[in-house]
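Structure record follows, encoded as structure tokens.
The values are calculated or read from the model by the stated rules, or taken from the named source; none is laboratory data. Because the structure is predicted, anything quoted here is derived from the model rather than measured. Don't worry about glycine lacking a Cβ; one is built from the backbone with ideal geometry, like all the others, and counts go over all protein chains shown.
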Amino acid sequence: MGLSQGQLGGAALGVSRQTINAIETERYTPSLPLAISLARFFEVTVEEMFHVEDSPADE
């Protein structure tokens, strides 16, 4: 989408650039509300956004 981490975090989601960087580098797992906000922003599901795999109990 051509956004910087600061633009995505600050303007679109209300979090810091550092938070977006930590999510991208998998050093931070976002809260559920932030995960939902990210998925909605990019028009994908939370599962698509965070590569959620089925657990053995789901099979």
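Results for (1) crowded, with 16+ Cβ neighbours inside 10 Å; (2) without any contact (Cβ under 8 Å) to a residue 12 or more places away in the chain, shown as yes or no for each residue.
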position	(1), (2)
M1	no, no
Q5	yes, no
G14	no, yes
I23	yes, no
E26	no, yes
P33	no, yes
A39	yes, yes
F42	no, no
Subject >> Among residues of the stretch 1-17, those that are assigned to a helix (DSSP H, G or I) and either in contact with a helix residue (DSSP H, G or I) (Cβ under 8 Å, 6 or more places away or on another chain) or at pLDDT 95 or above (or both), counted >> reply: 8
